[in-house]
Amino acid sequence: MALSDKELNEIAYLARINIDKDSFPALKGELEQILDLFEKLNLAETDEVEAMSHPLNLSQPTRPDEVTEEDQREKLQETAPSVQSGLFLVPKVIEGEN
Amino acid sequence: MTVFNESWEAVIGLEIHVQLATNSKLFSGASTNFGALPNTQACNIDLALPGVLPVLNEEVLKMAVKLGKALNANINSPTSFARKNYFYPDSPKGYQISQMDKPIVEDGFLDIELEDGTSKRIGVTRAHLEEDAGKSLHEDFEGQSGIDLNRAGTPLIEIVSEPDINSPEEAVAYLKSIHSIIRYLEISDGNMAEGSMRCDANVSVRKIGSDELGTRTETKNVNSFRFVEKAILYEIERQISEIESGNTITQETRLYDSQANTTRPMRTKEYANDYRYFPEPDLLPVVLEDKFIKETLEQMPEMPNEKKLRFVNEYELSEYDSSLLAADKDLANFFEEVTDESKSAKLSANWIMGELSAELNKDNLHILNSKISAKQLGQLIKRIEDSTISGKIAKDVFEKMWSSGDEVDAIIEKEGLQQVTDLSEIESMVDRVINENPDQLKQYLSGKDRLFGFFVGQVMKESQGKANPAQVNEILKEKLKE
């Protein structure tokens, strides 16, 4: 399955990876091989097979709805690069504004 | 009423996020209390420290099962979780744990009642569990953002409707119905102002008769019933006017601005968001045993529709009164307490929806904070029923109770408000009024029947409103015949 430069750029953007133009041909070749493999997998007859969302044949244990975690803010913020008034500080990110 | 152009039809679907009222978070044992100091309720799981694993809160499953039943939906077992990947600092994991292929609740419906008394069935596509994000604060940090992760990991259930809604009024009726259900089930406080219930509206328009859907926009940030109605109406009218002036609608996310009553586009992204959903490897599929579901459903309370029918049958109230009372569980309970005391359901319903609601609205109070208790209101109605006071005087007593908190009988006693039912006393008042108004008497006797009301009014005035109106009528009729 052929991949366009545009599609490769989009994948790189979504993965937040910077790739330079020189590596395009090699990357495209590798990704196309992976896609081909999936196409082959898609040919397998799976109508009779129950979908599986986890490789272990177990079901999820649960816990009762109880507060078990104490406030450990001071300890947890010791490793934070920047903290003010109990808040973690990060570079300004605003979504939803022009 | 909606005023948009008659040749257009709106197609609306709602996504409602409901914060579940658990003690602890969806996947951690940190508290979910509202209003704690920043990051004091964010543990190592909520912070996504390396090596931690999520453990599912069982209560959340019970809540979802009850909601599924109330929405006439299927409960999926096994149900599984998925990762929804996105980068944003209020989600430290870099993904949100949500549900994709196997949501816990699927294929339901809700019958909503419209103002004209008709009902309409709205399909519920699914309801899935997911965790909430933290909060970003952008002011006061000199070019930086402050992150509070107390809310991160709080359990949400997102209820997605089919695009079966065709007007802002229907959208509000559906939203109110969902609100009523989650309050009845006690799975959420449903407080829209505090964000316990949030609504996104997918809106598109098309020419009536067209089978094709128009391009839709998603309006976010709508946090009251009134704003949902206004935001949708604005969006419908905007889309129609865009198309009519030859433009096309862009599929985008818009924010509702309640102050300007407009919606505006959020920053359009270079590429559409791709959340790259995949099954959550840290959580196994969840199997809901039959026994678990059965025991959970046994705890279901009487739901709004059932309560409404019971009110119609048991108290002989109208459908309309019953559904108004049953819409709010606390209001319905209040009504039953009042009726228990007053023994008159119809009068109790009238007083609650009339005088009491007016006072509550004026002081912006919820029924639970009413200054007059259900018992007090019941006693007041009892005093009308046993003719101690007239309905008119009762309104004065009600006002006094509301402002002073005093008991009914104490106010009646203190103010001397007992109804005059002594026949001879009323008779002498009637005589006096007739004697004092010879002109009106002459006119009445010469055929001006309307003047009867004048005489009743004068007698009531004479008695300072305390005469029993039925008795006054009767005695006047007798006397004026003579």
**Asked** Of the conditions (1) buried (at least 17 other Cβ atoms within 10 Å of the Cβ); (2) of a type outside the set (D, E, K, R); (3) not in a helix (DSSP H, G or I), B:GLN464 fails just one. Which one is it?
**Response** (1)
**Request:** Among the residues of region A:19-33, write down those that are part of a loop (DSSP other than H, G, I, E, B), out of contact with any helix residue (DSSP H, G or I) (no Cβ under 7 Å at 6 or more places or on another chain) and within 27 Å of B:TYR95 (Cβ to Cβ).
**Result:** none
**Asked** Can you tell which of B:ILE352, B:ILE411, B:ILE372 is in contact with a Lys or Arg (Cβ under 7 Å, 6 or more places away or on another chain) and either in contact (Cβ under 8 Å) with a residue 40 or more places away in the chain or surrounded by 12 or more Cβ atoms within 10 Å (Cβ to Cβ) (or both)?
**Response** B:ILE411
**Fill in**
Filtering region B:311-344 for residues that are surrounded by fewer than 21 Cβ atoms within 10 Å (Cβ to Cβ), part of a helix (DSSP H, G or I) and over 20 Å from the mean Cα position of the chain (by Cα) leaves a count of 7
**Residue that is modelled with the lowest pLDDT [pool: residues in region B:1-30 that are assigned to a loop (DSSP other than H, G, I, E, B) and within 30 Å of B:SER241 (Cβ to Cβ)]** = B:MET1
**Message:** Whether any residue in region B:136-144 is at pLDDT 90 or above and charged (D, E, K, R) is what I want to check.
**Reply:** no
**Message:** Condition check: surrounded by 10 or more Cβ atoms within 10 Å (Cβ to Cβ), in contact (Cβ under 8 Å) with a residue 24 or more places away in the chain and among the aliphatic types (A, V, I, L, M). Does A:LEU35 satisfy that?
**Reply:** yes
**Message:** Can you pull out every residue in region B:297-310 that is touching a residue at least 60 places away in the same chain (Cβ under 8 Å), more than 23 Å from B:SER357 (Cα to Cα) and outside any loop (DSSP other than H, G, I, E, B)?
**Reply:** B:LEU297
**Fill in**
Residues of region B:45-58 being facing another protein chain (nearest Cβ under 7 Å) and in contact with a Leu (Cβ under 8 Å, 6 or more places away or on another chain), in sequence order, are B:LEU47, B:LEU56, B:ASN57
**Request:** Scan region A:43-98 residue by residue and report those that are in a helix (DSSP H, G or I) and either surrounded by 13 or more Cβ atoms within 10 Å (Cβ to Cβ) or of a type in the set (Asp, Glu) (or both).
**Result:** A:ARG73, A:GLU74, A:LEU76, A:GLN77
**Complete:** Being modelled with pLDDT of 95 or more, surrounded by fewer than 18 Cβ atoms within 10 Å (Cβ to Cβ) and either of a type in the set (D, E, K, R) or under 30 Å from B:ILE104 (Cα atoms) (or both) narrows B:PHE278, B:PHE292, B:PHE225 down to just B:PHE292
**Prompt:** If you go through region B:70-92, how many residues are modelled with pLDDT of 90 or more, surrounded by fewer than 20 Cβ atoms within 10 Å (Cβ to Cβ) and within 8 Å of another protein chain (Cβ to nearest Cβ)?
**Reply:** 1
**Residue identified as aliphatic (A, V, I, L, M) and more than 7 Å from chain B (Cβ to nearest Cβ) among A:VAL93, A:VAL83, A:VAL67** = A:VAL83
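The values are calculated or read from the model by the stated rules, or taken from the named source; none is laboratory data. Computed from a prediction, not measured in an experiment: that's the story for all the values here. Here the Cβ is made from the backbone with ideal geometry for all residues, glycine too, and neighbour counts use every protein chain on show.
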